[in-house]
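Working notes, beginning with the structure itself.
The values are calculated or read from the model by the stated rules, or taken from the named source; none is laboratory data. Just so it is clear, the structure is predicted and the values come from calculations on it, not from any experiment. Neighbour counts are summed over all protein chains in view; Cβ atoms, including those assigned to glycine, are modelled from backbone coordinates with ideal geometry.
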Amino acid sequence: MAGWTWPTSDLTTEVVRTERPLLRPFRPDDEDAVLAACQDPGIQRWITVLSLPYTREQARAWVSELAPAERAEGRGMPVAVEADGVLVGSAGVHVRGGRLGPEIGYWIAAGARGRGYAAETAHALAEWALGLGAPRVHLVVDVANTASQVTAGRAGFRREGLVRGCLENRDGGRSDAVLFGRLPGD
């Protein structure tokens, strides 16, 4: 598992289509939507890698440099989640090595929550990675984030257990997480 890599070397233009949202590469014109969404306390609570305050420069760097570089270097496939021509979230499949396989993550903008976009996105990204030969995919959810745990189940992931102290908190502390996984037959 530690040696699994993408079977294709060019992820820069890869698009995953679902019934509703389109999962596509970020574009420079996504900057305003990413900036606005990342001001939401709900996103800031669970996505602790976001700097606070989250600035326009950071949004610009994400859509124009960081996300495209992650794809180009084969480290992962971050996607803009677009519904009806509007960016409603962000997600991705990330390869970090180890036994658990590619990791899936997601956030949905406050105004688009409750419509099933996160579950549909996580399911589609899992299917995409498994279809490329990943032996398994996983996601990790803070034990207090019950909404994301429900989303994981709706996306076809199975709860596999508790991982103690694996999440870094903004205050320097650590939190427990629930590990979810999917295999090709799930």
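Are any of the residues in the stretch 23-40 modelled with pLDDT under 95 and farther than 25 Å from Leu183 by Cβ? Within the stretch 23-40, none of the residues are modelled with pLDDT under 95 and farther than 25 Å from Leu183 by Cβ. Restricting the first member to the stretch 55-67 and to residues that are closer than 9 Å to Asp30 by Cβ, and the second to residues that are exposed (fewer than 14 other Cβ atoms within 10 Å of the Cβ) and of a type in the set (Gly, Ala, Ser), no beta-carbon pair is closer than 7 Å while six or more apart or on different chains. Name the single residue, out of those in the stretch 123-139 being surrounded by fewer than 19 Cβ atoms within 10 Å (Cβ to Cβ) and touching a Phe, Trp or Tyr at 6+ places or on another chain (Cβ under 8 Å), that is nearest to Arg20 (Cα to Cα). Restricting to residues being surrounded by fewer than 19 Cβ atoms within 10 Å (Cβ to Cβ) and touching a Phe, Trp or Tyr at 6+ places or on another chain (Cβ under 8 Å), the top hit is Leu132.
What do you reckon, is Glu57 farther than 17 Å from Ala112 by Cα and more than 18 Å from the chain's Cα centre (by Cα)?
So Glu57 passes the test.
Scanning the stretch 24-75 for residues that are touching a His at 6+ places or on another chain (Cβ under 9 Å), surrounded by 17 or more Cβ atoms within 10 Å (Cβ to Cβ) and not in a helix (DSSP H, G or I) yields a count of 0. Would you be able to tell me the number of residues in the stretch 143-157 that are in contact with a strand residue (DSSP E or B) (Cβ under 7 Å, 6 or more places away or on another chain) and within 20 Å of Gln44 (Cα to Cα)? Here the count works out to 4.
Residue-by-condition table, conditions (1) part of a strand (DSSP E or B); (2) under 19 Å from Gly42 (Cβ atoms); (3) more than 15 Å from the chain's Cα centre (by Cα):
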| site | (1), (2), (3) |
| --- | --- |
| Gly111 | no, yes, yes |
| Leu125 | no, no, no |
| Ala129 | no, no, no |
| Gly133 | no, no, yes |
| Val141 | yes, yes, no |
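Residue by residue through the stretch 76-106, note down the ones that are more than 16 Å from Trp6 (Cβ to Cβ), at pLDDT 95 or above, surrounded by fewer than 22 Cβ atoms within 10 Å (Cβ to Cβ) and not aliphatic (A, V, I, L, M). Scanning the stretch 76-106 gives Glu82, Asp84, Gly85, Gly105. Flag: Glu120 does not match the condition of being touching a Lys or Arg at 6+ places or on another chain (Cβ under 9 Å), part of a strand (DSSP E or B), surrounded by 14 or more Cβ atoms within 10 Å (Cβ to Cβ) and acidic (Asp, Glu).
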